[in-house]
1. Among the numbered criteria (1) in a helix (DSSP H, G or I); (2) assigned by TED's automatic domain parsing to the domain that holds T260, which one does V123 miss?
2. What number of residues in region 270-304 are surrounded by 17 or more Cβ atoms within 10 Å (Cβ to Cβ) and on the phi > 0 side of the Ramachandran plot?
3. Of (1) touching a Pro at 6+ places or on another chain (Cβ under 8 Å); (2) over 30 Å from L303 (Cα atoms); (3) away from the ligand (no atom under 15 Å from the Cβ), F86 satisfies all except one. Which?
4. State whether the residues of region 118-133 include one that is in contact with a helix residue (DSSP H, G or I) (Cβ under 9 Å, 6 or more places away or on another chain) and surrounded by 15 or more Cβ atoms within 10 Å (Cβ to Cβ).
5. Could you check how many residues of region 149-200 are among the small types (G, A, S) and in a loop (DSSP other than H, G, I, E, B)?
6. Do we have A197 as surrounded by fewer than 17 Cβ atoms within 10 Å (Cβ to Cβ) and under 14 Å from E170 (Cβ atoms) here?
7. Could you check, for region 98-108, whether at least one of its residues is loosely packed, with under 13 Cβ neighbours inside 10 Å and within 12 Å of the ligand (Cβ to nearest atom)?
8. Determine whether G78 is open to solvent by less than 40 Å² (accessible area, probe 1.4 Å) and within 19 Å of V200 (Cα to Cα).
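The values are calculated or read from the model by the stated rules, or taken from the named source; none is laboratory data. These numbers were taken from a predicted model, which means no experiment stands behind them. With ideal geometry, Cβ positions are generated from the backbone for all residues, glycine too; neighbour counts draw on all protein chains shown. Accessible surface is based on the protein model in full, side chains and every heavy atom, while ligands, DNA and RNA are left aside. Shrake-Rupley method; radii C 1.70, N 1.55, O 1.52, S 1.80 Å.
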Amino acid sequence: LGGLFDAELAAFDELGIEEPTKPADPFLAAFRTEKDRAVLVEEFENVATLGGVTDFELLDGGAVHGLEPALGEDVSCGVRLHGQRFIDPGRYVTSLAEAVQERGGEIVLASVAAVDSQGSGVVVRTSTGPVTADAVVVAAGAWLSELVRPHGVRAFVQAGRGYSFTVRPESQPRGPIYFPTQRVACTPLGQAGSEDAFRVAGMMEFRRPDAPLDPRRIAAIVDAARPMLRGVDWEARTDEWVGSRPCTADGLPLVGATRTPGVHVAGGHGMWGIALGPLTGRLVADQVMQGRTDPLLRSFDPLR
Ligand SMILES: Cc1cc2nc3c(=O)[nH]c(=O)nc-3n(C[C@H](O)[C@H](O)[C@H](O)COP(=O)(O)OP(=O)(O)OC[C@H]3O[C@@H](n4cnc5c(N)ncnc54)[C@H](O)[C@@H]3O)c2cc1C
């Protein structure tokens, strides 16, 4: 996936939606020890070997605290990543939906029981009645397998559940902050320096996607993040949430045609569904509309 970086960002620019991606400046990864940091640096070196882009610099304690005063006392060193972007997830998704409607698309809220071929097209059986189409793209996240197994997709998608909540730090950090050792990622949702919302997320829990939120997981994220940030009232957190990353066994997405004409799949992106979403959309659209399968899709064949 590392080699897709340039194509990914270009696809975001092509979306032309109201809520833009924001430059992550700075985007910091922060660590307790240099030994912890070496793990991430090694990961970046591996990505570079595979053709990925890893533009970063190492920061000592003074430099990382100078760049981000909200970092806690336990942080002793960091990594600054260049050329990254981030989003406000809620506003981004709303903006995507609005763009679909502005361009003539209709959004139907319904649950889908099955996708079947019908004549030369496809019928989607929904809780509000059948919908017929020339082509269908099934993008059902962690619930994908059941809908596409009848179309020859044997790869299983399971939920890798992540948790998040919102806090309001005394001073809003300037950019996203990642604590790789703690597996916690934080995203500012408001203006730098303000008391706006700061989204804290982490955890990889393998349970069925509809299982209830487990408060112990939230507590574990709080315990991990507390010493790494200052000026946060952790007890005043809001918006506790659990959601499912759609994970495949080989870690690669499932994108492309199934054995049923007109039924396509876009899913299984695991931890990278936001970053890879626009590129996935463009590649699937090319396949559906022009019958052209981009060589980039070769590794993501849903029938593998
Ligand atoms: C805490 C957390 C942090 C993350 N951070 C990042 C990040 O920093 N960068 C990144 O790139 N990715 C990130 N991800 C991963 C990203 O959110 C997912 O990869 C992405 O949402 C997957 O998109 P999707 O459309 O395949 O599935 P989803 O977003 O799960 O959407 C699938 C939709 O289909 C609906 N659906 C399912 N079955 C049916 C049915 N039968 N009928 C009707 N509707 C149905 C579901 O309700 C859902 O709305 C994160 C995930 C989590 C949980």
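1. (1)
2. Of the residues in that region, 1 qualify.
3. Failing condition for F86: (3).
4. No, every residue in region 118-133 fails to be in contact with a helix residue (DSSP H, G or I) (Cβ under 9 Å, 6 or more places away or on another chain) and surrounded by 15 or more Cβ atoms within 10 Å (Cβ to Cβ).
5. 9
6. In short, no.
7. There is at least one residue in region 98-108 that is loosely packed, with under 13 Cβ neighbours inside 10 Å and within 12 Å of the ligand (Cβ to nearest atom).
8. Working: open to solvent by less than 40 Å² (accessible area, probe 1.4 Å): yes; within 19 Å of V200 (Cα to Cα): yes.
The answer is yes for G78.
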